[in-house]
Each structure stands twice: as structure tokens, then as C-alpha cells.
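Shown next, in C-alpha cells, is the structure this report addresses.
The values are calculated or read from the model by the stated rules, or taken from the named source; none is laboratory data. Here the structure is a predicted model, which is why all the values come from computation and not from measurement. Cβ placement follows ideal geometry from the backbone for every residue including glycine, while neighbour counts extend to all protein chains displayed.
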């Protein structure tokens, strides 16, 4: 599963990394380090990744359709 | 980039007569945030509006709109070019009140300030305040635990956020907290806009004096020094003194006047619902999730405003250029289009997409610190006072406008 983190709409709520720390990482200011690009969700982390995605108040994280 | 198509949903038109019967007024055409009936029927009004009234209008003062669904609130909050913050966030703003940076500005000014301020309140930075805040939670509980009762607001809830913010971040003396808390409360809820302006003025004067004094002191490398250093605006001009003062005012408003409500509401809910309390006692790892649910359901910031820079259509209503629009975060966080049974509080609810800390570039800068305060409060409180209830014969009292605040909460154990 691949996910995309929107660059402009990530405003540093930090919910993604709270619920899926093995999928999403934050920079020193609290923004998703991968904003503006796509990531591969590690195998076995799909459920937490979806929870992190759903918890984003900005809907800044989306699933990339293969 | 906006992947959501404009809402094609047809809203069930609310009946004028039904609204008069239930709320005493026509919410759609004659809303008033400051109506005591909104305070008294807060949950009922929000639940009704988010389902049936995507856009409502108020005739109070210069007039304003409220937009209520989660999709509309999110789109508007993210679209700062159409929904500008540069004319302020308060409806019927008191005359002469300076605009508060960075909250009452748009990019690129807003971006410049947030870039230098954010690191002082990032998740990594505030993690370092967790133990001091926990110590303060226990110091406050120590003062009343043997009495087996307390008035939660004045003895805990109104103190902890200010202590956390003043001691760890601003370096302000906590003895001055009571004056500032009162100034912010009266500045927000006093019925007369002139009186609101007077109280805000006192808070401004106090904080400007502090900032001027810090300017004469050696640098500590803290948030205040970052404010004093300022930023360079587009075109090369340096940020003026008035902007620096307003930043300190804005941060203080946010840091002392909001978290109290979530904290007090969570404690009140746990006092009234032993089943939910037992879930947290049995599994304290649920507390962080519970805090998101409490923040969703008990929003201290009911709504914040924007000014339309062009005519814009929101869920079928055209809002003209220049009109003031409140984004009703409180309603958006209980939108049934995005969650099951939104009017029910469940500490086990997963993936809570709430807007209590705002949405878009103006997202609450203190959200990470608020979460530290709330987590420390619930964890330590439940360890030390696992069984508690509301004092018989009492019930909490509230006041509501564009913010919501609890005035008293009597507890016994």
C-alpha cells in the first residue's frame, strides 16, 4: 500500500505519527517529513496507517491507487 | 489540491416553526452565538445545525455567517485566499483592538511567524515539559485531596494550563495569572463590546510591559527572544513592535483560556459516567485516545472567523465578498457524515477526525502542549482520585460565545 502526504495541507497536527509511528515520521517542527511525496506502508502496518490517515483533520494523507 | 467534489447533498430544510419551538429563534436566518439559549442548548443546537443547516446567518451587529459541516469547514479553513484571516477572527470585533499576529494574518506574513514560533511548541519540545507539568498536576491535587472535595475550575482547571505555559515557555510569574485569566474571560464574554475591548486592553498593556522588560535582559534563547528577534516581511521590512506584542497576546489567549474547558469537561464526564471511567482505570493506555474524544466533543473554541475575499458558494448559499464567516469547529467535529453516533462520547472511538484545534494553516500552535496537559491531568487524577462524583445538589455552569467556558464544577470523593 502506498500513501501520499500533501505538502500544503500538512499543518503539523501530528496525529498520523501518533497512531502509526512506524509509518509516519515528524520533523523537528512536528510536520510529516514525507509531505509532498509518497511512501510505501511497511507490511503489517496497514491498519495503523489507515488509522493515522483517518485521524488527520486536514485529510492530507491519501491512498495512492496502484 | 482538493479531491473532494463540492457537496451534492441536499439538506433537509429545517422548519421555521420547529426552530422557534425548539430554540426560541430561527437559527438559519437569525443566529446569535451570544444568545443564552445557545449556551443552555449547546449540544442540541450543534447537532441540529450540522445535520440540517450547513450555513446560517446572524443579524447581530455587522452580521456574520456560520458554516457548519466538516467538509465545508475544512475546505474554507484550507482556502485562506478566499477566507482571509487578515480582518480578524472575532465577530463584531471591538473597535481599536489591534490585529493579533499570526492568527489574524494570511500567508506570507503568517508563514514567516509560524516558521519561527512552531519549534517552541513542537511535539519534541513539549515532550520535555511532560514531567514538570505532571509535577504541577500533583502539586495542585495535593492542596485539596485530603479535603475530599474541590471546586475544579478555580482550584485546578484554570491554573494548570497557565502554570504550564508561564513556567515552561513564557517565563511569566504565575502570581499574575489570575488577572490575565479574568482579562481574557471578560474580554471574550462581557456582554458589552466596549467592556470586552477594555479588558483586552489591560492584557495588552501587561504583556507589552513584560516584552519591553525582556528586551533589556540577556537573551535566554526562549520563545520570548524569538518574538523579540522578529521576522523579515516580504519586501524586506522588519516586523514592527506592535506585531511582536500582539503575538505574545495571541499566544497567551490561546495558552490560558482554552485547555481548561476540555480538562474540566473530561473530568465532569468521568464523574458522571463510571463505566467510561472504569475503562480508563483498567487500561490507562486508552487515555490519549480519550483525550481526542473529549477534545472533539467539548471544544473550547466554538468557531473562529474569516472574511470572504470574493463571492463564494457554500452548500448552496452564496456568501458575498466582504462578509464575515465563522467556521464552526464545534459543529464540524460532530458531523454524522464522518462518524457514527457523533452525539455519543466513547473513549474507545478510533480515528477521530475532529477540528477542535482548527484546520488549515492556522491550526492551534499549542495543540501539542494542550495534549501534554490533558494527558498528565487524566493520568495523575485517576491514579490519585479514582472514584469521584459531582457534589450532590450542584451542576456545572457554562458561558458561551465564540468560545465556551465552564465557570464552576463542584466535585466530591
Of the conditions (1) buried (at least 17 other Cβ atoms within 10 Å of the Cβ); (2) under 22 Å from residue B:118 (Cβ atoms), residue B:204 clears all except one; give me its number. (2)
Tell me yes or no: at least one residue of the stretch A:54-65 is touching a helix residue (DSSP H, G or I) at 6+ places or on another chain (Cβ under 9 Å), surrounded by fewer than 18 Cβ atoms within 10 Å (Cβ to Cβ) and either at the interface with chain B (Cβ under 8 Å from one of its Cβ atoms) or closer than 21 Å to residue B:296 by Cβ (or both). yes
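Show me the helices (runs of 4 or more DSSP H) found entirely inside the stretch B:159-265 where at least 1 residues are within 30 Å of residue B:32 (Cβ to Cβ). Reasoning before the result, please.
Details: elements: B:160-165, B:177-189, B:193-215, B:223-229, B:241-256.
Ranges flagged: B:160-165, B:177-189, B:193-215, B:241-256.
Could you list all residues from the stretch B:35-66 that are touching a helix residue (DSSP H, G or I) at 6+ places or on another chain (Cβ under 7 Å) and either crowded, with 18+ Cβ neighbours inside 10 Å or over 15 Å from residue B:25 (Cα atoms) (or both)? Walk me through it before giving the result.
Just the residues of the stretch B:35-66 that are touching a helix residue (DSSP H, G or I) at 6+ places or on another chain (Cβ under 7 Å), to begin with: B:37-38, B:41, B:45-46, B:49-50, B:54, B:56.
Listed by number, the residues that qualify are B:38, B:45, B:46, B:49, B:50, B:54, B:56.
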Within the stretch B:266-284, can you find the residues that are part of a helix (DSSP H, G or I) and out of contact with any helix residue (DSSP H, G or I) (no Cβ under 9 Å at 6 or more places or on another chain)? B:272, B:274, B:275, B:278, B:282
Is there a residue being at pLDDT 95 or above and touching a strand residue (DSSP E or B) at 6+ places or on another chain (Cβ under 6 Å) anywhere in the stretch B:152-160? yes
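Matching residues to (1) over 30 Å from residue B:412 (Cβ atoms); (2) more than 22 Å from the chain's Cα centre (by Cα); (3) buried (at least 22 other Cβ atoms within 10 Å of the Cβ):
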{"residue": "B:79", "(1), (2), (3)": "yes, no, no"}
{"residue": "B:92", "(1), (2), (3)": "yes, no, no"}
{"residue": "B:95", "(1), (2), (3)": "yes, yes, no"}
{"residue": "B:98", "(1), (2), (3)": "yes, no, no"}
{"residue": "B:101", "(1), (2), (3)": "yes, no, yes"}
{"residue": "B:108", "(1), (2), (3)": "yes, yes, no"}
{"residue": "B:117", "(1), (2), (3)": "yes, no, no"}
{"residue": "B:123", "(1), (2), (3)": "yes, no, no"}
{"residue": "B:147", "(1), (2), (3)": "no, yes, no"}
Filtered residue count, the stretch A:18-52, keeping only those that are more than 8 Å from chain B (Cβ to nearest Cβ) and within 27 Å of residue B:369 (Cβ to Cβ): 16
Cβ-Cβ under 7 Å, sequence separation 6+ or interchain: first residue in the stretch B:201-224 and over 30 Å from residue B:95 (Cα atoms), partner in a helix (DSSP H, G or I). Which pairs? B:219/B:225
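Which ranges mark the helices (runs of 4 or more DSSP H) fully within the stretch B:13-99 that have 1 or more residues being under 30 Å from residue B:345 (Cβ atoms) and touching a strand residue (DSSP E or B) at 6+ places or on another chain (Cβ under 7 Å)? Steps first, please.
Details: elements: B:16-23, B:36-40, B:42-52, B:70-78.
So the answer is B:36-40, B:42-52, B:70-78.
Is it the case, given these coordinates, that residue B:116 is within 21 Å of residue A:28 (Cβ to Cβ), touching a residue at least 60 places away in the same chain (Cβ under 8 Å) and within 14 Å of chain A (Cβ to nearest Cβ)? I'd like the intermediate steps shown before the answer.
Working: within 21 Å of residue A:28 (Cβ to Cβ): yes; touching a residue at least 60 places away in the same chain (Cβ under 8 Å): yes; within 14 Å of chain A (Cβ to nearest Cβ): yes.
Yes: the conditions hold for residue B:116.
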